[in-house]
Amino acid sequence: MPIHVRATPGDYAGACLLPGDPLRARYIAETFFDDVVQRNGERGMLGYSGTFNGKPVSVQSSGMGCPSAAIVIEELVQLGVEKIMRVGTCGGLQPDMTMGDLVIALSATAADATSTHYVLGEPHAPTADFGLVHEAVHQAKHLGKPVRVGPIVSSDIFYQPDPDQARRWSERGILAVEMEAAVLFTLGALRGIQAGCMLIVSDVIVEGEFLRISDEDMRKAVDEMTELALHVVTA
Ligand SMILES: O=P(O)(O)O[C@H]1O[C@H](CO)[C@@H](O)[C@H]1O
Ligand SMILES: O=c1cc[nH]c(=O)[nH]1
């Protein structure tokens, strides 16, 4: 039995959603799954299995940041999970983005140390599984949900000390900043599993001011993202 995800092989479905926030994991399971069973509570990293439209699926919190996410992803792989879709929040980096927008990541620049350690410091481009990206775009169209598809960046830092960092990322065409996708995509490649990531824009910087989504709008956006993610991983 893994140390942090206290379950046995078969407890988790082959397909698993991966939010950072444990309470989002619980909300997703309670709101969208049938036949829900809690599979993990260790360290408050909540995990659940159930069904969506009759198909087995799980949701597991990764915690915040790549070191925590890497532990959880490694243990999910040990437990037999083969497809992981991160369902997270992010800071929007492009000027035309608004709170609640949905982003599908193609790649995640590794502005973190964990992903770099995994590839022994060699250059590597953490990339989402094409099949999951393709399915996400297809399902978004089918469900009538507008999405932005493109590169994101995974940072070790939420409270960025460099006031110019967001501008530089933005000018390179990066859509959003979050904190776990780079290691998820790197482990997807190293462990041979499918890894994808979709994000709600929860923060934007407008005229130098950091603005946060309201709780009500966050709930609506989580519902939209979760519905899409569940259709994708169970397709
Ligand atoms: O909302 P989640 O999935 O936790 O994702 C984002 O939110 C956290 C920071 O507030 C980081 O984990 C970041 O990646
Ligand atoms: O990493 C993150 C997540 C949400 N919002 C941000 O600004 N950064």
Item to check | Residues of region 87-110 satisfying the condition of being hydrophobic (A, V, I, L, M, F, W, C) and assigned to a strand (DSSP E or B) | outcome: Val87, Cys90, Leu102, Val103, Ile104, Ala105, Leu106, Ala108, Ala110
Next on the checklist: Any residue at all in region 194-212 that's in contact (Cβ under 8 Å) with a residue 24 or more places away in the chain, farther than 18 Å from His138 by Cα, out of contact with any Pro (no Cβ under 6 Å at 6 or more places or on another chain) and assigned to a helix (DSSP H, G or I)?
Outcome noted: no
Next on the checklist: So, Leu199, is that one under 15 Å from Asp112 (Cα atoms) and either surrounded by 24 or more Cβ atoms within 10 Å (Cβ to Cβ) or modelled with pLDDT under 95 (or both) or not?
Outcome noted: no
Checklist entry - Of all the residues that make up region 49-76, how many are surrounded by fewer than 24 Cβ atoms within 10 Å (Cβ to Cβ), in a strand (DSSP E or B) and touching a residue at least 24 places away in the same chain (Cβ under 8 Å)? => result 4
Next on the checklist: Need the failing condition index for Leu46 against (1) open to solvent by 20 Å² or more (accessible area, probe 1.4 Å); (2) within 29 Å of Arg168 (Cβ to Cβ), just the number.
Outcome noted: (2)
Checklist entry - Looking at region 9-36, which of the residues that are part of a strand (DSSP E or B) and touching a helix residue (DSSP H, G or I) at 6+ places or on another chain (Cβ under 9 Å) is nearest to Lys83 (Cα to Cα)? => result Ala15
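The values are calculated or read from the model by the stated rules, or taken from the named source; none is laboratory data. Source: prediction; values computed, not measured. Reconstructed Cβ throughout: ideal geometry from the backbone, glycine too, with neighbour counts over all protein chains shown. Side chains are part of the model used for accessible areas, which takes the heavy atoms of the whole protein and leaves out ligands, DNA and RNA. Shrake-Rupley method; radii C 1.70, N 1.55, O 1.52, S 1.80 Å.
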